[in-house]
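Colleague: Got a structure here, written out as structure tokens. Questions coming.
The values are calculated or read from the model by the stated rules, or taken from the named source; none is laboratory data. Owing to the predicted nature of the structure, the values given are computational and were not obtained by experimental measurement. Note that each Cβ is placed from the backbone with ideal geometry, even for glycine, and that neighbours are counted across all protein chains shown. Each accessible area value is taken on the protein alone, full model and side chains, heavy atoms only, with ligands, DNA and RNA left out. Shrake-Rupley method; radii C 1.70, N 1.55, O 1.52, S 1.80 Å.
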Amino acid sequence: FIMAGDGRKFDEVRSRIDEMLLTNVHFIRAQPKEKFIDMLLAGNAHISTLVPEAVGLAAPSKINSALGLARPCLYLGPEQSFQAQLIKEYHAGFVINPVDTQAKFLLADAIIQLATDANLYAHMQDNALRAARSIGFDKALEQFETILRPQA
């Protein structure tokens, strides 16, 4: 596992992993743009998080990048966020509510499913691309035009 970023919980997560003596988790800080794509391509699936208080204020844009590279997403965040709805609608990964008492077990189960079920993984890869196409620039432009166009 590779944990990458500079989020406010990065150091806390790193400390927790160290306490657990996990040897299969590696940490890297946020990468410059020219290395970012290589980092995304290195993963078979991507985990992204969002604290419930941030819904509507922040969005883990890494999800959009991962979907565009046909990578299933494991999203730990509020189900009402746009990213959660996108992943669920297209079946492009798993959405796990971090306040669910079973969240750590659901995350482990999702990882195991992706690692052991090649058909599921391939299906979610295809769906990830479909999800990414649904949020492309042209689609966003169409939505802005609809909203901004004066009603007759």
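Colleague: Which lysines does Lys88 reach when only Cα atoms under 28 Å apart count, and residues fewer than 8 places away in its own chain are ignored?
Modeller: Partners within reach: Lys9, Lys62, Lys104, Lys139.
Colleague: A follow-up question, please. Under Stokes-Einstein, with the Kirkwood radius over Cα pairs standing in for Rh, what whole-number D in µm²/s applies to the stretch 59-111 at 25 °C and 0.890 mPa s?
Modeller: Here the translational diffusion coefficient equals 220 µm²/s.
Colleague: Another question, if that's okay. What order do you get for 92-100, 10-18, 71-79 when each peptide is scored by the mean count of other beta carbon atoms within 10 Å, highest first?
Modeller: 71-79, 92-100, 10-18
Colleague: Helix 10-19 against the longest principal axis of the chain: what's the angle in degrees, Cα atoms only, rounded to the nearest 10?
Modeller: Helix 10-19 sits roughly 30 degrees off the main axis of the chain.
Colleague: Any chance you could give the angle, 0 to 90 degrees and rounded to 10, that helix 118-134 forms with the longest Cα principal axis of the chain?
Modeller: Compared with the principal axis, the helix lies near 40 degrees.
Colleague: Amide H to amide H, which residues 5 or more places from Leu74 or on other chains are under 5 Å from it, using H placed in the peptide plane?
Modeller: His46, Ile47, Ser48, Phe94
Colleague: What percentage of all Cα-Cα pairs in the chain are separated by more than 22 Å?
Modeller: For the chain, the share of Cα pairs beyond 22 Å comes to 45 percent.
Colleague: Tell me the carbon and sulfur percent of the accessible area for the chain, rounded to whole percent, probe radius 1.4 Å.
Modeller: That share works out to 56 percent.
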